[in-house]
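Comments concern the structure below.
The values are calculated or read from the model by the stated rules, or taken from the named source; none is laboratory data. Everything numeric here is computed off the predicted structure, so don't read it as measured data. Counting neighbours? That spans all protein chains shown, and the Cβs are built from the backbone with ideal geometry, glycine included.
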Amino acid sequence: MTEIALSTSGLNKNFGSLVVAGDISISLPRGARYALIGPNGAGKTTLINLMTGMLAPDSGKIVLGNDDITAVPPDGRVKRGLVRTFQINTLFPNLSPLEAVTLAVCERRGEAGVWWKSLPSYKEAADEAYAVLSTLRLGDVCERPTKQLAYGQQRLLEIAIALASKPKVLLLDEPAAGVPKEESGELFAAVADIASDISVLFIEHDMEVVFRFASRIIVMVSGRILVEGTPDEISSNEKVREVYLGSGHG
Amino acid sequence: MIARFVSLLFDGFAYGMLLFVLSVGLSVTLGMMNFVNLAHGSFAMVGGYLAITLMNRAGWPFLATLPVAFVAAAVFSVVLERVLYRRLYRATDLDQSLLTIGIVFMSIAIAAYVFGTNQQPVQLPDYLRGRIVLGDFSFGVYRLFLIVAALVITALMVLGLEFTRFGAQVRACVDNQRMARGLGLNVDFVFMMTFALGSGLAGLGGALAIEPMGLDPNFALKYLVYMLIVVAVGGLASIRGAFFTAGLLGVIDIFSKYYVPWIGGFILYLVMVGLLVWRPNGVFARR
Amino acid sequence: MNAQTTSAAFNPQEVLRAQVRWRALEIVFWVATLAPFVLTPNYLVLCSQIAIAALFALSLDLLVGYSGIVSLGHAVFFGVGAYSAGLIAKNGWGEPISGLILASVIAAAFGYFISFIMVRISHFALIMVTVGLCLLVGEIANNFHDITGGDDGLQGVKMWPIFGMYKFDIFGRTAYVYALIATFLSFLAVRRVVNSPFGLSLRGMRENQRRMPAIGAPMKKRLQVVYVISACFAGLAGALSAQTTQFVALDALSFQRSAEVLVMLILGGAGRLYGGLIGAAIFMVARDQLADMNPQYWYFWLGLLLVIVIIFLPNGILGGLAALIDRLRSRRS
């Protein structure tokens, strides 16, 4: 009996006559490793925006665990364990990784609203932040401003900040976007290391990666779900081949 | 009573039309270029002071100074844009505001130095003075002229946007700058021309405003607030929004000055704050 | 996956602590504020004004430098504090310290009420509302000239001696001690806020507004708190001004006042705590020295200064110095 960590039912969003999300119903069980693939403009990032509350749906429901979070604002959803990363680095350029992750930890612990106590007095938060950074091999550079980090390290920091919020469900939007193949190994090692009870949905274009990490694949085209299934089922699916012009590379 | 009401309405609308000509350029460029140009009033001053100089020193007829005011302000704005503004296109709202405030301060000082701090005296041509009387109602000729001029300008703008190729390019750049660039449009050129046209209109407005609003060095700051209200409440890059807001603003201002003079700008600012809180993108904005 | 094992255990707390530690230069700065008593005893009135302007700029820094909010109407809090303090004294209660605290609380409450509006708008609309609000309150002050004195200003502000002992003298000694202590204590408070987790979240908002909700930050609530704190200290500065000069003019609520404090902050460098202080000092001294100049010319140089600073020194003097030091440091290594 697998618990469903996150589910959407009948999620719809239109911009005029443009359907960016058409009747999306997805179920993410606990500990899942699902991949969301599809051509550019299929609406994958839009779906994440809908799930996290950055975009309001026209209709439909989103359920996290046992709670209906359709009306919960974005920061509320994070507090309940639904966390995402961004396809384009959405970091704090002048803050160091240590500061950025400590901030995320303090937010989670409800300590970030305190204006009367000095930050260094929060030893536990700082230690936890450093631990997260270390597991992602960012310990050495954690004191430098984020804008001085290499691009690959910044992508790792994207994940670090998300992990600091102790997610139950993690939505990764093209975690290796822009990272050359030779360097992406570390990044995916980090993804592989994510605790097994966290449910992960990741958007990815590289089919090799998808087949390596995903236990199930969801294919989106033009705002709708085309088909859903195991890697074997998807790779042998005619419709999917058509969409990807046969080769399987996005 | 009714005559008074109609008269105020007419005066208010005329005043609003003047504000429209002054502000519409700011609305379009702010919406299109996303550049906070608080020096828009300085362009108006350039037009106004140039017109005055031509009239009082060189004996030019009033109507002849109007196109010159337009062109001079347009040229001045392009120079400013090339030399200073374009360095800050990616800068923060704050930096853009401060840069343009600096320019306003400088323009006020220069105007005071060259022309003195008093309001400039102006002699309108005879055919624009006096009033037209229709039964119980009387209308100022100059105000009628303002209304007609503004309507003509509006018509030209709307027709230009709808039916000319340049107009189509402007609309494309306003809607989606990146896409427009991707389609091969020379976005920089469109920006520059639109900016010039909008600033030229401000200069024209400045010349038109010498008589009804008075031209002194503080003009740029004093009426900046009104212009910003038209833009903020009317919605960025919205000619229609600017038109209605300016008209409304003019009417409210004239009415409150007559019926409740002791309140001053209070009602205006209160209404502005209220409208902006209700519709931050402008009351008449599209989305 | 093994966590990185380093020989000497890396202590993240130490890193954070090093950032908030008092630097030697800071101590030098504050000791230097005592110099006027000895070096320029005839200029203590100006020094009080500098301290007040510095505090005003510091309060704005919380909004502009640390939270990334553009405010072109900050004078509204200054004015509310000034008129509150003035009216409290004028109506019989001339005790300075309690009047100061009460005026600050009034300004803070005002900041709280308008924060509900402010946190719901952004960009251009926000700039406009800050301007509009300041003008609005200015008009109210003008209209109720029976209470506020209108164009003539609020007169008859009589202050009692501090602790019953120290009278406000014409040389400005008491005033400067009073203003300096108030400014220093306020600075300590603001410094603590900036170095707190809340301060870090403010900087997060400034650095990337989009990421904040994604880490679970309730931005609106945080912004409301910063408006209250900022308004409190701006009001405190205004109250100090009213109490030390025993007068309040309408220009305390003017757009010019809002623009000037912004200039001071940008001149020194926003987001660096001391930027506003240094910018205020330079600005006020320059203005005092050029006081004989025709006001129009003053505005010309002010405008030119703004243009030059924005184009060439967008991070202000402190920012420029920091960049210079960085460049020298990297050249050396």
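Being in contact (Cβ under 8 Å) with a residue 12 or more places away in the chain, at positive phi and more than 14 Å from the chain's Cα centre (by Cα) is true for just one of C:Gly68, C:Gly94. Which residue is that? Don't jump to the end; show me each part of the working.
Numbers: C:Gly94 fails: at positive phi.
It is C:Gly68.
Assess whether C:Val157 counts as being facing chain B (nearest Cβ under 9 Å), of a type in the set (Val, Ile, Thr) and touching a residue at least 12 places away in the same chain (Cβ under 8 Å). Please lay out each step first, then the result.
Values: facing chain B (nearest Cβ under 9 Å): no; of a type in the set (Val, Ile, Thr): yes; touching a residue at least 12 places away in the same chain (Cβ under 8 Å): yes.
Against the criterion (facing chain B (nearest Cβ under 9 Å), of a type in the set (Val, Ile, Thr) and touching a residue at least 12 places away in the same chain (Cβ under 8 Å)), C:Val157 does not qualify.
What number goes with the only condition from (1) of a type outside the set (S, T, N, Q); (2) at positive phi; (3) assigned to a helix (DSSP H, G or I) that A:Ala160 does not pass?
(2)
Return the residue satisfying two criteria in turn: it lies in region B:19-50 and is over 9 Å from the mean Cα position of the chain (by Cα) and among the β-branched types (Val, Ile, Thr), and of such residues it is farthest from B:Leu94 (Cα to Cα).
Per the stated criteria, the residue is B:Val46.
Taking the conditions exactly as written (at pLDDT below 90, in a loop (DSSP other than H, G, I, E, B), out of contact with any Asp or Glu (no Cβ under 9 Å at 6 or more places or on another chain) and aliphatic (A, V, I, L, M)), does C:Ile170 satisfy them or not?
Working: at pLDDT below 90: yes; in a loop (DSSP other than H, G, I, E, B): yes; out of contact with any Asp or Glu (no Cβ under 9 Å at 6 or more places or on another chain): yes; aliphatic (A, V, I, L, M): yes.
Taking the combined requirement at face value, the residue satisfies it.
Can you say whether C:Ala291 is touching a strand residue (DSSP E or B) at 6+ places or on another chain (Cβ under 9 Å) and surrounded by fewer than 24 Cβ atoms within 10 Å (Cβ to Cβ), as far as the supplied structure shows? Give the steps one after another, and end with the answer.
Working: touching a strand residue (DSSP E or B) at 6+ places or on another chain (Cβ under 9 Å): no; surrounded by fewer than 24 Cβ atoms within 10 Å (Cβ to Cβ): yes.
Spelling it out, it is not the case that C:Ala291 is touching a strand residue (DSSP E or B) at 6+ places or on another chain (Cβ under 9 Å) and surrounded by fewer than 24 Cβ atoms within 10 Å (Cβ to Cβ).
Search region C:294-304 for residues being surrounded by fewer than 19 Cβ atoms within 10 Å (Cβ to Cβ) and of a type outside the set (Phe, Trp, Tyr), and hand back the single one that is farthest from B:Thr92 (Cα to Cα). Walk me through it before giving the result.
Filtering region C:294-304 down to residues surrounded by fewer than 19 Cβ atoms within 10 Å (Cβ to Cβ) leaves C:294-298, C:301, C:304.
From what's left, of a type outside the set (Phe, Trp, Tyr): C:294-296, C:304.
On the way: C:Asn294: 32, C:Pro295: 30, C:Gln296: 28, C:Leu304: 19 Å.
Only one residue tops the list, namely C:Asn294.
Would a scan of region C:222-243 turn up a residue that is within 14 Å of chain A (Cβ to nearest Cβ), surrounded by fewer than 21 Cβ atoms within 10 Å (Cβ to Cβ), of a type outside the set (D, E, K, R) and touching a Pro at 6+ places or on another chain (Cβ under 9 Å)?
No, region C:222-243 has no match at all.
Identify, from the list A:Val141, A:Val132, the residue that is more than 7 Å from chain C (Cβ to nearest Cβ), surrounded by fewer than 21 Cβ atoms within 10 Å (Cβ to Cβ) and hydrophobic (A, V, I, L, M, F, W, C). Before the answer, list the steps.
Values: A:Val132 fails: surrounded by fewer than 21 Cβ atoms within 10 Å (Cβ to Cβ).
Going through A:Val141, A:Val132 in turn, the sole match is A:Val141.
Can you name the residue in region C:152-167 that is outside any loop (DSSP other than H, G, I, E, B) and aliphatic (A, V, I, L, M) and is also modelled with the highest pLDDT among such residues? Give the steps one after another, and end with the answer.
So in region C:152-167, the residues outside any loop (DSSP other than H, G, I, E, B) come out as C:152, C:154, C:162, C:166.
Right, trim to aliphatic (A, V, I, L, M) and you get C:154, C:162.
Values: C:Leu154: 89, C:Ile162: 85.
Checked region C:152-167; the qualifying residue modelled with the highest pLDDT is C:Leu154.
Can you give me the ranges of the helices (runs of 4 or more DSSP H) entirely in region B:87-189 with at least 3 residues that are under 20 Å from the mean Cα position of the chain (by Cα), more than 14 Å from every other protein chain (Cβ to nearest Cβ) and surrounded by fewer than 17 Cβ atoms within 10 Å (Cβ to Cβ)?
Values: elements: B:93-115, B:141-163, B:165-175, B:177-182.
Fully inside region B:87-189 and qualifying: B:141-163.
If I filter region A:87-126 down to residues being more than 7 Å from chain C (Cβ to nearest Cβ), assigned to a helix (DSSP H, G or I) and among the aliphatic types (A, V, I, L, M), which single residue comes out as surrounded by the fewest Cβ atoms within 10 Å (Cβ to Cβ)?
A:Ala125
Scan B:Gly198, B:Gly206 and give me the residue that is touching a Gly at 6+ places or on another chain (Cβ under 7 Å), more than 30 Å from B:Ser7 (Cα to Cα) and surrounded by 23 or more Cβ atoms within 10 Å (Cβ to Cβ). Let's see the steps before the verdict.
Details: B:Gly206 fails: more than 30 Å from B:Ser7 (Cα to Cα).
The conditions single out B:Gly198.
Would you check if there is a residue in region C:267-274 being over 19 Å from C:Thr183 (Cα atoms), out of contact with any helix residue (DSSP H, G or I) (no Cβ under 6 Å at 6 or more places or on another chain) and either without any contact (Cβ under 8 Å) to a residue 60 or more places away in the chain or charged (D, E, K, R) (or both)?
No; the residues of region C:267-274 include none that is over 19 Å from C:Thr183 (Cα atoms), out of contact with any helix residue (DSSP H, G or I) (no Cβ under 6 Å at 6 or more places or on another chain) and either without any contact (Cβ under 8 Å) to a residue 60 or more places away in the chain or charged (D, E, K, R) (or both).
Which one of these does C:Ala141 not meet: (1) under 23 Å from the mean Cα position of the chain (by Cα); (2) within 14 Å of chain A (Cβ to nearest Cβ)?
Result: C:Ala141 passes all but (2).
Taking only region B:222-246 into account, find how many residues are assigned to a helix (DSSP H, G or I) and of a type in the set (Ser, Thr, Tyr).
Pass one, region B:222-246, residues assigned to a helix (DSSP H, G or I): B:222, B:224-234, B:239-246.
Now drop any that are not of a type in the set (Ser, Thr, Tyr), which leaves B:226, B:245.
Residues flagged as assigned to a helix (DSSP H, G or I) and of a type in the set (Ser, Thr, Tyr) within region B:222-246 amount to 2.
For region C:108-121, check the following and say yes or no: at least one residue is closer than 18 Å to B:Ser97 by Cα, in contact with a helix residue (DSSP H, G or I) (Cβ under 8 Å, 6 or more places away or on another chain) and either assigned to a helix (DSSP H, G or I) or facing chain B (nearest Cβ under 9 Å) (or both).
Applying the first criterion (closer than 18 Å to B:Ser97 by Cα) to region C:108-121 yields C:121.
Add one more test, that the residue is in contact with a helix residue (DSSP H, G or I) (Cβ under 8 Å, 6 or more places away or on another chain), and what stays is C:121.
Next cut, either assigned to a helix (DSSP H, G or I) or facing chain B (nearest Cβ under 9 Å) (or both) only: C:121.
Checked against the condition, which is being closer than 18 Å to B:Ser97 by Cα, in contact with a helix residue (DSSP H, G or I) (Cβ under 8 Å, 6 or more places away or on another chain) and either assigned to a helix (DSSP H, G or I) or facing chain B (nearest Cβ under 9 Å) (or both), region C:108-121 yields at least one hit.
Could you figure out which of (1) touching a residue at least 40 places away in the same chain (Cβ under 8 Å); (2) touching a Phe, Trp or Tyr at 6+ places or on another chain (Cβ under 8 Å) isn't true of A:Leu64?
Condition (2) is where A:Leu64 drops out.
Would region A:16-29 turn up any residue that is outside any strand (DSSP E or B) and either of a type in the set (A, V, I, L, M) or crowded, with 22+ Cβ neighbours inside 10 Å (or both)? Please lay out each step first, then the result.
Initially, region A:16-29 is screened for residues outside any strand (DSSP E or B), giving A:16-17.
From what is left, the residues that are either of a type in the set (A, V, I, L, M) or crowded, with 22+ Cβ neighbours inside 10 Å (or both) are none.
No - not one qualifying residue is present in region A:16-29.
Check B:Ala285, B:Ala242 and return the single one that is at pLDDT below 85, closer than 22 Å to B:Leu201 by Cβ, in contact with a helix residue (DSSP H, G or I) (Cβ under 8 Å, 6 or more places away or on another chain) and more than 9 Å from chain C (Cβ to nearest Cβ). Break it down into steps so the answer makes sense when it comes.
Numbers: B:Ala242 fails: at pLDDT below 85.
Of B:Ala285, B:Ala242, the one residue that is at pLDDT below 85, closer than 22 Å to B:Leu201 by Cβ, in contact with a helix residue (DSSP H, G or I) (Cβ under 8 Å, 6 or more places away or on another chain) and more than 9 Å from chain C (Cβ to nearest Cβ) is B:Ala285.
Can you work out which of the residues in region C:173-216 that are among the basic types (Lys, Arg) and part of a helix (DSSP H, G or I) is surrounded by the fewest Cβ atoms within 10 Å (Cβ to Cβ)? So that I can check it myself, show each step before the final result.
Pass one, region C:173-216, residues among the basic types (Lys, Arg): C:173, C:191-192, C:203, C:206, C:210-211.
Still in the list and also part of a helix (DSSP H, G or I): C:173, C:191-192, C:203, C:206, C:211.
Details: C:Arg173: 18, C:Arg191: 18, C:Arg192: 16, C:Arg203: 22, C:Arg206: 21, C:Arg211: 21.
Taking the candidates together, the pick is C:Arg192.
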